[in-house]
Amino acid sequence: MSLTIGIDASRSVKKIRTGPENYSYEIIRAILNLKSDHRFLLYAPHQPGENWPTGANVEWRILPQRRLWSQFSLAREVISHPPDVLFVPSHVIPLITHLPTVVMIHDFAFKYFPQSYSAFERRYQNFSTGVSVAKAARILVPSQATLADLVKFYPSAKPKTTVISHGYDKQFFHPARSNDSPPQNEPYILYTGRIEEKKNLRLLLDAFVLISKEKTKINLVMAGRNGYGFEGIQAKINSLPKEIRNRISQPGHLPRYDMIRYLQHATIFAFPSLYEGFGLSVLEALACGLPVVCSDNSSLPEVTGKAAILLPPSNPLAWASAFSRILNQPELNKKLRLAALERSEHFSWPTAAKKTLVEISHAARR
């Protein structure tokens, strides 16, 4: 049966995308690229700035930008011109609609790290997530760890929830080719993600100080936009000895092409986060064939399987030791790189899109 499927594309058209925005961008494009008889209405506050899949069955509905866009602009549109079913790729279902809706809930960081959000953001996250859980016909989560969190906070949600892992773009995320030029001449340990407290970057800095005493030709790159608590992280960097501080670079938020270059040429990918709903940055590092050292908490063991060195995010000496083993043991380095590529093959956006479209269809027909 052919359906008219409305999709909240508001996050996918943002110029700077992090986790949920990248998911929205990738999953919507992957759904549009599937062969189907469905009609797709994409709702956004402004026109997309990049090329998107097109076709007679794809239509953009540009709605005025305003605060609480989902609750006002999107809600008014889907009430006035209702699709058969609505897909919301990130948390927030309009309160006053009664459409069958599928929602992706990425994580519960706002529950575990309330200090990382403003008072308004905490209240709105709690309110909007509660509304979404109650109103959704189907709920999607990206990992078993997030499913466990969902059931912990909203036990009644379990029967209508499905785990669908994220994917990665195989056209872009792959090992470096022999003629590609690295962004730095010196080898470097790489972190990508927000520069914020819950990413636990103080531990990474402490571990880098330790490995710097053994390896004088290794740098640290911390790439990403600033988040909550970045001032304290910056203060810690500024307090380090100049010879170590000069080996730390912070290129900020990287456009996709530059981020991929940094990934492909890194010596080690380090990710000491305290909590992740999925960990897309880690998957992209695996796809580039990098030795990965990451935290052993939340969803990260699910994503990495046996392809990474997993450590508690509390012992800088253990992290420095892992870096040392990778740098000094070529066989371990090679083993981790091969395991990374093999593990990444378990994830893809087309697979995620097919499973998501099945859930959307089920929701429309319930």
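The values are calculated or read from the model by the stated rules, or taken from the named source; none is laboratory data. Here the structure is a predicted model, which is why all the values come from computation and not from measurement. Quick reminder, even Gly has a Cβ in these numbers, built from the backbone with ideal geometry, and neighbours come from all protein chains shown. SASA here: full protein model, heavy atoms, side chains in, ligands and nucleic acids out. Shrake-Rupley method; radii C 1.70, N 1.55, O 1.52, S 1.80 Å.
Structural remarks
- Rounded accessible area per residue of the chain, 1.4 Å, Å²: 44
- Only lysines eight or more places from residue 335 in sequence, or on another chain, were considered; those with a Cα closer than 17 Å are 306.
- Aspartates and glutamates with Cα under 14 Å of residue 160, excluding same-chain neighbours fewer than 8 positions away: 359
- Rounded Å value of the spacing that divides the Cα centres of segment 183-199 and segment 336-355: 23
- Segment 220-277-segment 1-70 distance, computed between alpha-carbon centres (Å): 31
- Pairs from the table (198/354; 14/170; 170/198) lying more than 26 angstrom apart at Cα are 198/354; 170/198.
- Candidate residues 81, 38, 253: accessible-area rank, largest first, probe 1.4 Å: 81, 253, 38
- Taking each residue as 0.36 nm, the span from residue 362 to residue 113 lengthens on full extension beyond its C-alpha to C-alpha distance by 86.2 nm.
- Among 135, 35, 335: highest mean-square fluctuation, GNM of the chain, C-alpha pairs under 10 Å: 35
- Residue 123-residue 328 pseudo-label distance in nm [points 7 Å out on the Cα-to-Cβ vector]: 5.5
- From phi via Karplus (6.51, -1.76, 1.60), per-residue ³J(HN,Hα) for segment 92-97 in Hz, x at Gly/Pro: 9, 8, x, 5, 8, 9
- Solvent-accessible surface ranking, highest first, for 304, 216 at 1.4 angstrom: 216, 304
- Among 187, 313, 272: highest mean-square fluctuation, GNM of the chain, C-alpha pairs under 10 Å: 187
- Surface share of carbon and sulfur [accessible, 1.4 angstrom probe, percent] for the chain: 52
- Helical content alone sets the calculated 222 nm signal of the chain at -12000 deg cm²/dmol, taking -39,500 (n - 2.57) per DSSP H segment of four or more residues and averaging over every residue.
- Cα convex hull, segment 34-129: 132 Å³ per residue, rounded to a whole number.
- Range of Cα positions in the chain per principal axis (Å), largest first: 64, 44, 36
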